[in-house]
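Reading through the C-alpha cells given below for one structure.
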Amino acid sequence: MKKAGARGGAGVGGAGHSMKRTARAVDAHLTRNLAGSPDELYRAARHLIIHGGKRLRPYMVIKSCQILGGSAADARRAASAVEMVHNFTLLHDDIMDNDDVRHGVPTVHKRFGVPVAILAGDILFSKAYQTLAGRGGRRGAGPDDPKRERQTHELVSRLATACVDVCEGQMLDIKMAEAKRLPSQKEYITMIGKKTAALFDVSCAMGAICAGAGASDVKNLSRFGRSLGIAFQITDDLIGVTGDASVTKKPVGNDIREGKKSLPILMAIKASSGTKHRRTISSALGNPRASRSMLDSAVESVRELGVEERARKMAMQHAEKARGSLASYPNRRARREIEALLDFVVKRSV
C-alpha cells in the first residue's frame, strides 16, 4: 500500500491537467468534511492528504462517471469517500510497518503518536460512509428521492465489500511475509487483487453507479479498475525494491528487510538460483537487523538480475487487459484521460 511521490499528474500525459483539477476539487471537499473538534484528531486525519498523494482513486471515480454520461458533480461525494478510505489504509499500514516517512513528511503515528493515529484512521473510515450517506449525488435528486436512496445503498455496499477485501489482502500480505515458503505468482496476484486492486475496482464501479449505469457498464468499469490496480501494485512493489530514494522519498530496501514476498522479490529469488546473488538477497530478506550495506547489496542484486524489465512487462499485460474493458465505449475525452493512467502506472518511478 505504500504510495510515494508528489500530488498531481506529472507523467500522466494528456490527463495531467485533468488530474490536477480533480485533485483540487476533491481536496477542497475533503478539507470541508475533515474539520471538527477535537482539532488534533482532524489535523491528524488531514496530515497525509495535505502533504501529497496522486488522487488516482477519486480521479477514476469521476472519469468512470463521465465515460457513461455523468458529471464530476455527480461523483464527488463518492470520490471523496474513496480517498478517505484510501488514506485510512495508508495510515494504518504505516503503523503496521512502523514506517517513519510518507510523501516526504513524518507519518501520522510519528507526528501525532500511535493512539491519535489509530483514531485518525478510524475517523477517516467513518467519515467516508458519512459522506456517502450525506446530501449530494445526481442533480435534481433530493435527500428522500428513492432513486438516490437506491444509489446510496449500492455505493455503501460496494465500498464496504471493498474494505473487507483490503483487510483480507493486508492479512494475506502479512502471512506471506511470515511464511518460510515462497508464494506462487498466482497467490501474489490474489493478495494484491484484494489489498490494492479492490479500491481501484470499486472506484470505477462507484463512478459508473453515480452515472446511473446498468449492471453491464458497472461490470466493465469494475474490470478496468481491477486490472489497473494489479498493474499499479506490481509497479509499486518494483519501486519499493529498486526505486530511487531521492525520488520516492522513502528508504530503498525496506520491503526486503520486512520480508515482503512481492513479485519483484519472487522473480529475483527465482532468477538468482545458482548465482552469487542468492546469498546476498537471502541474508537481507526478512532480516530486521540487516544493515544499510546489506540492503544496498540486495537491491543491487535485484537490479542486476533484470527483474525490472520482467515486472514491468507483467504490469503492462494487466494494463492492456484493463484497456480492453473500455473498448466498447466511444473514444471521447473521459475515456482517453482514464486510459492515460495505464501507461502512467506501468512507467512511473514514484
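The values are calculated or read from the model by the stated rules, or taken from the named source; none is laboratory data. What you see is a predicted model; the values in this text were computed from it and never measured. All Cβ positions, glycine included, derive from the backbone under ideal geometry; neighbour counts span all protein chains shown. Heavy atoms of the whole protein, side chains included, go into the accessibility calculation; ligands, DNA and RNA do not. Shrake-Rupley method; radii C 1.70, N 1.55, O 1.52, S 1.80 Å.
Would any residue of the range 196-228 have its amide N under 19 Å from a label point 7 Å out along Cα→Cβ of Asp343? List them or say none. Flagged as within label range: 228. Charged side chains reduced to their Cβ positions (Lys and Arg at +1, Asp and Glu at -1) give the range 215-325 a dipole of some 280 debye around its Cα centre. Descending by average beta-carbon neighbour count within 10 Å, the peptides 208-221, 64-77, 104-117 line up as 64-77, 208-221, 104-117, the highest first.
The length gained by stretching the chain between Ser291 and Ala73 to full extension, at 0.36 nm per residue less their Cα-Cα distance, is 73.4 nm. Residues of the range 219-238 falling in the label zone of Glu320, defined by backbone nitrogen less than 11 Å from a point 7 Å along Cα to beta-carbon, are absent.
Between Ser273 and Arg336, the simple label model (points 7 Å from Cα in the Cβ direction) yields a spacing of 4.8 nm. Available extension along the chain between Lys313 and Glu168 is 49.5 nm, counting 0.36 nm per residue and deducting the alpha carbon span.
Taking the Cα centre as origin and putting +1 on Lys and Arg beta-carbons and -1 on Asp and Glu beta-carbons, what dipole magnitude results for the chain, to the nearest 20 debye? List each step's numbers first, then the result.
Working: 58 positive and 36 negative charges, 140 e Å.
In debye, rounded to 20, the chain gives about 680.
Taking the 1.4 Å solvent-accessible surface of the chain as the whole, the part contributed by carbon and sulfur is 53%. As a length-normalised measure over Cα pairs under 8 Å and 6 or more apart, the relative contact order of the chain settles at 20 percent.
May I ask which of Lys54/Lys186; Lys110/Lys175; Lys276/Lys321; Lys110/Lys276; Lys175/Lys276; Lys276/Lys347 have a Cα-Cα span longer than 31 Å here? Write out the running numbers ahead of the final one.
Details: Lys54/Lys186 28 Å; Lys110/Lys175 25 Å; Lys276/Lys321 37 Å; Lys110/Lys276 38 Å; Lys175/Lys276 28 Å; Lys276/Lys347 29 Å.
Among Lys54/Lys186; Lys110/Lys175; Lys276/Lys321; Lys110/Lys276; Lys175/Lys276; Lys276/Lys347, the Cα-Cα distance tops 31 Å for Lys276/Lys321; Lys110/Lys276.
In the complete set of protein chains, residue-level accessible area for Asp244 is approximately 80 Å², probe 1.4 angstrom. Legend: P(r) of the range 194-350 from all alpha carbon pair distances, 5 Å bins from 0, whole percents, reading 2, 10, 17, 19, 15, 12, 9, 7, 6, 3, 1, 0. Once you place label points 7 Å from the Cα toward the Cβ at Arg111 and Glu300, how far apart are they in nm? Between Arg111 and Glu300, the simple spin-label model gives 3.6 nm.
What separates the Cα centres of the range 50-109 and the range 289-350 is a distance of 19 Å. Mean sequence separation of contacting Cα pairs (under 8 Å, at least six apart), scaled by the length of the range 225-301, corresponds to a relative contact order of 31 percent.
Amide H contacts for Val101 (H built 1.01 Å from N in the peptide plane; partners 5 or more residues away or on another chain; cut-off under 5 Å): Thr107.
So, with +1 on the Cβ of K and R and -1 on the Cβ of D and E, and no other charges, what is the size of the charge dipole of the range 47-175 about its Cα centre, to the nearest 20 debye? Intermediate values should be presented prior to the final figure.
Numbers: 18 positive and 15 negative charges, 137 e Å.
Taking the Cα centre of the range 47-175 as origin, the dipole is about 660 debye.
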